[in-house]
Amino acid sequence: MKIFTYWRSQASYRVRVAMRLKGLAMEKVSLDLLKGDQFAPDYQKLNPEGVVPTLIDGDGPPLVQSLAILEYLEEKYPQPPILPKDLNARAHARAISQMVAMDVHPFMVPRVRKYLEQELRLDEPTRMKWIGHWVDLGSEAVEKTLARDARTGKFCIGDQVTVADLCLAAHLTSAKVLLGRNPADYPNAGRIYATCMAMDAFSSEHPLRQPDAPAKH
Ligand SMILES: N[C@@H](CCC(=O)N[C@@H](CS)C(=O)NCC(=O)O)C(=O)O
């Protein structure tokens, strides 16, 4: 399977980990989002939104949107599962995923940061304060959700890795790489983050271990 990715992309990281967990072969095509590779006409034919990831499975049409891709992978390659069996727990796993992937991630993507810089003329400390505000609110919301829920275990839901862990680990990684946040500031989320990072699927696909990651970031 071919995945269009970028080293620091949180959305691509979610999908790369799922593919590792499911033992799927991955051919990575790196785009440089800061140079604008996502706007190349050939790439926009695959992904009209001009974002990563895009996944090509066989001859199939391009798959876009990381959460939709995770669901596709789960349905086509069900072993090992990345959604719980129980119906309520499945909704809980999707809810935690969406808290970070939908409600926080858009505040930190390159196109939004570029707009803050080039259109609104905000200086770097102001931009980082603005992004940090939304990122921290999201981390706190997930922490409260995990703290109050009896299903929280070794991972977000019990002892099985689910999409919630993929999204949470990717979120906390971005918060660390981009903003210098410490996952350990969040007792439950930080513990789950550490457990994930001890697993090969998460550590081998870590943004800083990607072939396109700069030596110094
Ligand atoms: N909701 C989308 C988000 C995709 C997205 O925004 N990806 C970022 C990198 S994590 C991107 O490609 N940004 C390009 C840009 O902002 O110009 C998903 O989950 O796939």
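Things to note:
- Test result for residue 69, closer than 18 Å to residue 201 by Cβ, in a loop (DSSP other than H, G, I, E, B) and β-branched (Val, Ile, Thr): no
- Residue match in the stretch 92-113 (condition: basic (Lys, Arg), open to solvent by 60 Å² or more (accessible area, probe 1.4 Å) and away from the ligand (no atom under 11 Å from the Cβ)): yes
- Test: residue in the stretch 163-174 that is closer than 25 Å to residue 208 by Cα, open to solvent by 30 Å² or more (accessible area, probe 1.4 Å) and touching a Pro at 6+ places or on another chain (Cβ under 7 Å): no
- Residue check for residue 15: part of a helix (DSSP H, G or I), within 17 Å of residue 212 (Cβ to Cβ) and of a type in the set (A, V, I, L, M, F, W, C): yes
Yes or no, residue by residue, for (1) part of a helix (DSSP H, G or I); (2) under 17 Å from the mean Cα position of the chain (by Cα):
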| residue | (1), (2) |
| --- | --- |
| 157 | no, no |
| 160 | no, no |
| 176 | yes, yes |
| 188 | yes, no |
| 216 | no, no |
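- Residue within the stretch 122-131 that is within 16 Å of the chain's Cα centre (by Cα) and not β-branched (Val, Ile, Thr) present: no
- Looking across the stretch 59-91, the residues that are more than 15 Å from the ligand (Cβ to nearest atom), without any contact (Cβ under 8 Å) to a residue 24 or more places away in the chain and exposed (fewer than 15 other Cβ atoms within 10 Å of the Cβ) come down to 59, 60, 61, 75, 76, 78, 85, 86, 87, 88, 91.
- Among the residues of the stretch 7-57, those identified as near the ligand (Cβ under 9 Å from one of its atoms), in contact with a helix residue (DSSP H, G or I) (Cβ under 6 Å, 6 or more places away or on another chain) and closer than 24 Å to residue 176 by Cβ are 8, 10, 11, 13, 14, 15, 31, 33, 52, 53.
- Of all residues in the stretch 127-146, none satisfies being assigned to a loop (DSSP other than H, G, I, E, B) and not basic (Lys, Arg).
The values are calculated or read from the model by the stated rules, or taken from the named source; none is laboratory data. Computed from a predicted structure; not experimentally measured. For neighbour counting, all protein chains shown are included, and Cβ atoms are generated from backbone atoms with ideal geometry for every residue, glycine included. Please note that ligands, DNA and RNA were not included when accessible areas were found on the heavy atoms of the full protein model with its side chains. Shrake-Rupley method; radii C 1.70, N 1.55, O 1.52, S 1.80 Å.
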